[in-house]
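The values are calculated or read from the model by the stated rules, or taken from the named source; none is laboratory data. This one's a predicted model, so the numbers in the text were calculated from it and none came from an experiment. For neighbour counting, all protein chains shown are included, and Cβ atoms are generated from backbone atoms with ideal geometry for every residue, glycine included. Calculation scope for accessible area: heavy atoms of the full protein, side chains included, ligands and nucleic acids excluded. Shrake-Rupley method; radii C 1.70, N 1.55, O 1.52, S 1.80 Å.
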Amino acid sequence: MLTLLEKRDMCGRNALFVTQEDLEKHFGAEVVTDGGYAPRYNIAPGEQLDVITNRAAAEIDQYHWGLLPSWADDPGEGIINARSETAAEKRSFRDAWDSRPCLVLSSGFYEWQKRDSGPKQPYRIYREDAPAFAMAGLWEVWEGEESAIPCVTILTTEPNDLMQPIHDRMPVVLPDGDEETWLTASPDEREELCQPYPEEDLTAYEVSTRVNNSGNDDATVIEPLDHEQSGLDEFSSR
């Protein structure tokens, strides 16, 4: 029985705050979410992620963040990350890997760096050259007696040189032009896309621990941390 939020591999927060017009233009898809689109700066597991699935490649919808395997007796919170290297072998992801790829849309994600002392330090990681980008995901629809829950997990891979000092994993970020391939390719072809994103095309910087509280969902969350006031060791960001 799957009833608890499983231990996360990484990528425990996301953000998507590009305008709806720019979002639809960038991905060539239309927002169809009930209630419309709203910018988010701090999206936590268990909340809704904006996705484009292979079933509806011209639509931007929202799915529960936490994949709920069809065989689970109780929906619980689900599994927020899946290792791309083993997704094809794991019972929880095997069917979704074979036939249900999706794009998880993002303006940047957050990760926490362990320190020798003190609390973990959060970082924001994003593409400076693009207002939004796609991470590789898998989707499922968990069906209960009274409801059906569309849900998603984000695939991860080995870290690039930028991410390595922060965390030992990173999400599979898809280069521009590979989004359609991810949705339409065979499992073997998609496996080849699960590579660390080039570090020269990503930027990382420290942010305040305000991001630790998912209730803090505004533009101040993405502001760079003031090192002079924090006293934290400087990390070389790009």
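Would you tally the residues in the stretch 37-49 being open to solvent by 10 Å² or more (accessible area, probe 1.4 Å), assigned to a strand (DSSP E or B) and either touching a residue at least 60 places away in the same chain (Cβ under 8 Å) or charged (D, E, K, R) (or both)?
Counting residues in the stretch 37-49 that are open to solvent by 10 Å² or more (accessible area, probe 1.4 Å), assigned to a strand (DSSP E or B) and either touching a residue at least 60 places away in the same chain (Cβ under 8 Å) or charged (D, E, K, R) (or both) gives 2.
Could you give every pair whose Cβ atoms fall below 8 Å, whose first residue belongs to the stretch 21-33 and is open to solvent by 50 Å² or more (accessible area, probe 1.4 Å), and whose second residue is assigned to a loop (DSSP other than H, G, I, E, B) and modelled with pLDDT under 95, counting only separations of at least 6 or pairs across chains?
Close Cβ pairs (under 8 Å, with a partner that is assigned to a loop (DSSP other than H, G, I, E, B) and modelled with pLDDT under 95) amount to 22/131; 26/130; 26/131.
List the strands (runs of 3 or more DSSP E) that sit entirely inside the stretch 116-202 and contain at least 3 residues that are under 19 Å from residue 90 (Cβ atoms).
Numbers: elements: 121-126, 133-143, 148-157.
It comes to 133-143, 148-157.
Would you mind telling me which numbered condition in (1) modelled with pLDDT of 95 or more; (2) of a type outside the set (Phe, Trp, Tyr); (3) under 23 Å from residue 31 (Cα atoms) residue 160 fails?
(3)
Those residues that are open to solvent by 10 Å² or more (accessible area, probe 1.4 Å) and either polar (S, T, N, Q) or in contact with an Asp or Glu (Cβ under 7 Å, 6 or more places away or on another chain) (or both), I need them from the stretch 54-78; list them, please.
54, 58, 59, 62, 70
Across the stretch 95-122, which residue is least open to solvent (accessible area, probe 1.4 Å) among those that are over 24 Å from residue 28 (Cα atoms) and charged (D, E, K, R)?
111
Could you list, in sequence order, all residues of the stretch 84-94 that are under 20 Å from residue 49 (Cβ atoms) and either surrounded by fewer than 17 Cβ atoms within 10 Å (Cβ to Cβ) or of a type in the set (Phe, Trp, Tyr) (or both)?
Result: 93, single match.
Please indicate, with yes or no, whether at least one residue in the stretch 124-143 is farther than 23 Å from residue 191 by Cα, among the basic types (Lys, Arg) and surrounded by 14 or more Cβ atoms within 10 Å (Cβ to Cβ).
Within the stretch 124-143, one or more residues are farther than 23 Å from residue 191 by Cα, among the basic types (Lys, Arg) and surrounded by 14 or more Cβ atoms within 10 Å (Cβ to Cβ).
Just need a number here: residues in the stretch 69-89 that are in a loop (DSSP other than H, G, I, E, B), over 23 Å from residue 217 (Cβ atoms) and modelled with pLDDT of 95 or more.
Of the residues in that region, 6 qualify.
Please find, within the stretch 179-238, the residue that is modelled with the highest pLDDT out of those that are open to solvent by 60 Å² or more (accessible area, probe 1.4 Å) and among the basic types (Lys, Arg).
It comes out as 210.
What pairs come out if I take residues in the stretch 183-198 that are under 17 Å from residue 173 (Cβ atoms) and pair them with residues that are assigned to a helix (DSSP H, G or I) and open to solvent by 50 Å² or more (accessible area, probe 1.4 Å) whose C-beta lies under 7 Å away, six or more apart or interchain?
Within 7 Å, the pairs are 193/181.
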